[in-house]
Amino acid sequence: MIIGTSNMTSNIDNACSNDIGIPMIVMMENAVHAAMKHIDTKIHKSICVICGMGNNGGDGFGIARHLILKGIDVKIFAVGNINKLSECAKINFDILKNMDADIKILDEINLEYAKDRFSKSDACIDALFGTGLKRNIEGIYRKVIEAINEKSAYTYAIDMPSGLSSDTGKVMGISIKADKTISFEFYKRGLIEYSSDEYKGEVVVEKIGVPKEIKEKFHNYEFITEKEDISKWIKRRKKNDHKGSYGKVTVFAGSSGFSGAAYIAAQSAVKTGSGLVTLVTEKEIQDIVSRKLSEAMTCSYDEKNRVEKIICDSDAIAVGPGMGNNSKTLSKINEIMEKTSSTLVIDADGINSLSENLKLIKDYPGKVILTPHPGELSRLTGKSISDINSNRIDTAKEAARTTGAIILLKGNRTVITDGYNTFVNPTGNSAMANGGMGDCLTGIITSLCGMGTEPLHAAAAGAYIHGYIADIISEKQFVVNASDIINYLPVAIKEILR
Ligand SMILES: NC(=O)C1=CN([C@@H]2O[C@H](COP(=O)(O)OP(=O)(O)OC[C@H]3O[C@@H](n4cnc5c(N)ncnc54)[C@H](O)[C@@H]3O)[C@@H](O)[C@H]2O)[C@@H](O)CC1
Ligand SMILES: Nc1ncnc2c1ncn2[C@@H]1O[C@H](COP(=O)(O)OP(=O)(O)O)[C@@H](O)[C@H]1O
Ligand SMILES: [K+]
């Protein structure tokens, strides 16, 4: 699904009406019908609709009309200078007048009356501002938003919670706190940033009849990953395939006290479907891990010639889980980079050890995927964790452009980007927040790269599958561990590709 900005909304508006002749009022009526699907009129029998003067307000007036037709007790409040109604908002406003609907201008004088209505209604619909919000909210608008937040039993926001920037998710002075946001055509970029979480409630996105060609003309190469994407990106297994068809991957991982990370990363690659997996690790933990890994091979760093051959033969290599943030890890990365140009997936200590040596990534002839959590990205970029988390998409894009690597920024709504094409992952939940999860993701992504999936897509698909499994398991379990994910991998991938 395309991620949308306010600019895209107005470009698409213009293209729909100027290039192909769909009048704005038709788009608005489509939006109104789409929104009606998500308003629970079985429970919400009395509803206040609060409208601004722009097209978001126009949607609100249209929704009010359809609610009246359904027999709902509707009170409509228009906020702002009625002479400044947008063309389509005025059409819907005039229809309501002609229908003798209960419509009032909401100003300082009747603010108390409005508050009383808000508190006595089953729900309020916020149609004050959508993608057209331009500046901080003040005056009567501020008071109305305060009143809705204080009095409304349940709040629907149309397109955006009024007060949130649709591009950045920042609060422009004050914002509606919605229980449900009904957004149109795109998942708005601002709703992805963490700052929107307190305000947006449940988010639904409805199509309103924008032709595909027009959407494709104006998007910014930012998408939310969908199940259908995964099934395009992962190679199907064919009848005469053999283990050579599914890639040889190598996992450099583990050290004393961190044998679990090595096991998890290697076993995740096995269960994702790699043809052959080899774990390369410290001699002192090799035996312990070998006992757990039945399918993967193991090798110790001491077997120099064998390690060199394994590197040269690998289709994709993971480096980092549990290796320790030290010069040894860096020298392993150096050694690998000198001997191959296969895709490298670098996680955890691998990332930390590279933070002073970013030039290595730039000079590497193959692709590099870095999978930092915000703390690791902070070490890599020098930005604070809170700066990173308040602008996740742009920070990840910038890091990708400066390092030359694909960046997978972990956490809720993981961002995957090469600096130009960006995917935001919709799956996963906080039941996954426990040790070993990142190692598991590294194994999945490396395995997909080894099978021939293009690295950016492998990273996006890996994050999707990882979170998809956690979403299923967390319905029954309080916490989801990496070993739960590993066991479910073959079933989940089959399900997703079906
Ligand atoms: N193709 C589309 O994109 C469609 C868009 N529609 C709706 O149209 C909305 C966008 O409409 P508009 O571009 O008219 O914008 P809005 O309705 O979001 O707001 C614009 C109006 O608010 C004023 N304004 C902005 N910031 C303000 C502030 N802080 N204080 C006071 N006034 C402020 C502007 O001067 C303008 O009058 C979307 O969010 C969506 O709800 C729908 O009608 C369907 C079609
Ligand atoms: N609240 C959450 N919502 C969605 N995904 C999460 C959440 N918390 C953690 N995850 C996912 O779990 C994984 C944790 O990885 P990481 O922090 O590297 O853990 P570890 O270092 O223990 O392996 C990441 O893929 C991350 O996106
Ligand atoms: K709104």
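Compared with the dominant Cα axis of the chain, that is its longest principal axis, helix 392-403 is turned about 40°.
Working note: Karplus 6.51/-1.76/1.60 with θ = phi - 60° gives the range 123-130 the couplings 7, 10, 10, 8, 10, 7, 9, x Hz, where Gly and Pro are set to x. Candidates Thr402, Gly254, Gly443 compared by Cα position along the dipole of the range 227-497: farthest toward the positive end lies Gly443, with charges placed on Cβ. Taking a straight Cα-Cα cut-off under 28 Å and skipping sequence neighbours fewer than 8 places away in the same chain, the lysines within cross-link reach of Lys494 are Lys227, Lys232, Lys235, Lys238, Lys239, Lys243, Lys248, Lys271, Lys292, Lys367, Lys410, Lys476.
Output the antiparallel fraction of DSSP beta bridges having both residues in the range 1-122, as a percent to the nearest 5. Don't skip to the answer; put the middle values down first.
Values: 0 of 9 bridges.
Once the DSSP bridges in the range 1-122 are tallied, antiparallel ones form about 0 percent.
Helix 24-36 and the long axis of the chain differ in direction by around 70°, with both axes built from C-alpha atoms. The DSSP beta bridges internal to the range 227-497 are antiparallel in roughly 20% of cases. A simple count of charges around Glu150, restricted to other residues whose Cβ falls under 14 Å of its Cβ and scoring Lys, Arg +1 and Asp, Glu -1, yields +3.
Taking the centroid of alpha carbons for each part, the range 114-138 and the range 89-109 are 15 Å apart. Across the chain, the longest run free of exposed loop sites, meaning GluC sites (Glu not before Pro) lying outside DSSP classes H, G, I, E and B with no more than 15 other Cβ atoms within 10 Å, spans 357-474. Each helix, a run of at least 4 DSSP H residues, gives -39500 (n - 2.57); summed and divided by the residues of the chain, these come to -13500 deg cm²/dmol at 222 nm. Evaluated with a Cβ-only charge set (Lys, Arg +1; Asp, Glu -1), the range 3-218 carries a dipole of roughly 100 debye about its Cα centre, given to the nearest 20. Counting neighbouring Cβ atoms within 10 Å and putting the fewest first, the residues Phe77, Phe218 line up as Phe218, Phe77. Based on every Cα atom in the range 319-398, Rg and the maximum pairwise Cα distance Dmax equal 12.7, 39 Å. Summary of the geometry: the range 214-287 and the range 391-428, compared by the centres of their Cα atoms, lie 18 Å apart. If you restrict to DSSP beta bridges whose two residues both lie in the chain, what percentage is antiparallel, to the nearest 5? Roughly 15 percent of the beta bridges in the chain run antiparallel, per DSSP. Straight Cα distances below 19 angstrom link Lys397 to the aspartates and glutamates Asp167, Glu193, Glu222, Asp347, Glu376, Asp387, Asp418, Glu454, with same-chain residues fewer than 8 positions distant left out.
Comparing Cα centroids, the range 456-488 and the range 139-156 end up 39 angstrom apart. Relative to the longest principal axis of the Cα atoms of the chain, the long axis of helix 283-292 makes an angle of roughly 60 degrees.
Here, each number is a calculation from the coordinates, and none is a lab measurement. This is a predicted model, so every value here is computed, not measured. When we count neighbours, we look across all protein chains shown, and the Cβ atoms used for this are built from the backbone with ideal geometry, even at glycine.
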